[in-house]
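Colleague: Sharing a structure here in structure tokens format.
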Amino acid sequence: MTQAALEYLLFLAKTLTVVAAIVFVIGAFVNLSRRQRDAEGLKLTNLNTRLRCAADGLRLALLPKAERKKLVKQRKKEAKALQSERRKRVFVIDFRGDIRASGTSSLREEVSALLAVAEPSDEVLVRLENAGGLVHEHGLAASQLVRIRDRGIPLTVAVDKVAASGGYLMACVADRILAAPFAIVGSIGVLAQVPNFRRLLDERGITVEQVKAGRYKRTVNMFGAVTDEDREKLREELEEVHGLFQAMVGKYRPQLDLERVATGEHWHGSRALELELVDELGTSDDWLARRVGEADVWKLEWRGHKRLMEKLAATMEEGRAGSWLRWSW
């Protein structure tokens, strides 16, 4: 009886542990969902205040007590003066891209919001980090930045790490492109890749029937035989997209030698400056540090709510995009 009782207690303890873990996970999901709902909408952050507080925090730690009081009084006077002064405004947007340019939905909300209040005397900085991906997704993201430029509001794109392929398609729209010395820039080219399992299926006696209406409805595919005509048709389509890519880059950066730079190669910031792919070397931090003294700098961030199933669907879609036919800038 004693051994049976011990085994029962051990089983009960394991069961309670599992139940407690499940309850904890469910509770975490519920709390996360509530926080996401509460946070949905446009968030504004004053970067002047953030940068000043960071610097003053260090100053206050180093200054003697009497000097600290003077600094605090000085900052209060400055804050009152700024409240009554109408200064130039700089709006900052962050875009971190993935293969699907999934940040485009937030970008369009941020752009729509700033266009409702921005004036030609204001300025927009987009801190861009994007290595490219699907053609149509990045084309839409670039179109959001075109909206800013078409309104006559000065647009600067800062590339601290990478703006390649679809990322450069977005960057080229700007009035001015700033890049860190070792940032990756360029890759003006188009790629399609498709795994083909035809031989593997033939070895196992499996056939895939494909019926289509329209000669070129499906050319290169995963399971069927691929002919030279199919490859040539796909190549023609890629050349057409590449031509559109070059046309857009040429429109906004007419100074470029497209034959030299539209080869699919990428360059680091220093070399990109020589090729006129960018206009200035530096980081977004340096750019903002110069602006905070002369303008009110506001960071815009749209926080949307996604249900768990939407997140799973997006993950599955990205997996399919990476494994199947992928046209990428």
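Nothing in this text is a laboratory measurement; each read-out follows from the coordinates by a stated rule. What you see is a predicted model, and the numbers here were worked out from it, not measured in a lab. Here the Cβ positions follow ideal geometry from the backbone for every residue, glycine too, while neighbour counts run over all protein chains shown.
Colleague: Sort 286, 296 so the one with the fewest other Cβ atoms within 10 Å of its own Cβ comes first. Don't skip to the end; give the middle numbers.
Modeller: Details: 286 14, 296 19.
Going from least to most buried by this count: 286, 296.
Colleague: OK, next. How many nm is it between the label spots at residue 136 and residue 202, if each spot is 7 Å from the Cα in line with the beta carbon?
Modeller: Those two pseudo-labels are separated by 3.3 nm.
Colleague: Which of the peptides 259-271, 227-239 is most tightly packed, and how do the rest follow, going by the mean number of other Cβ atoms within 10 Å of each residue? Intermediate results must be reported in sequence, preceding the final value.
Modeller: Working: 259-271: 16.3, 227-239: 12.8.
Order by mean packing, descending: 259-271, 227-239.
Colleague: Here is a follow-up. Please give the length that would be gained between residue 230 and residue 192 if that part of the chain were fully extended, namely 0.36 nm times their separation in residues minus their C-alpha to C-alpha distance (nm, one decimal). Please report the intermediate quantities before stating the final value.
Modeller: Working: separation 38, 0.36 × 38 = 13.68 nm, distance 1.30 nm.
Contour length minus Cα-Cα distance gives 12.4 nm.
Colleague: If you don't mind, there's one more thing I want to ask. What FRET efficiency do you get for residue 218 and residue 49 if R0 is 56 Å and r is their Cβ-Cβ distance, rounded to the nearest 0.05?
Modeller: Working: r = 56 Å, r/R0 = 1.00.
With R0 = 56 Å, the Cβ-Cβ based efficiency is 0.50.
Colleague: Here's a follow-up. When the Kirkwood hydrodynamic radius is evaluated over all pairs of different C-alpha atoms of segment 95-243, what value in angstrom, to one decimal, is obtained?
Modeller: Values: mean 1/r = 0.0562 Å⁻¹.
17.8 Å is the Kirkwood radius here.
Colleague: Going down the table (88/251; 88/299; 161/299), which pairs top 21 Å between alpha carbons?
Modeller: Table pairs above 21 Å Cα-Cα are 88/251.
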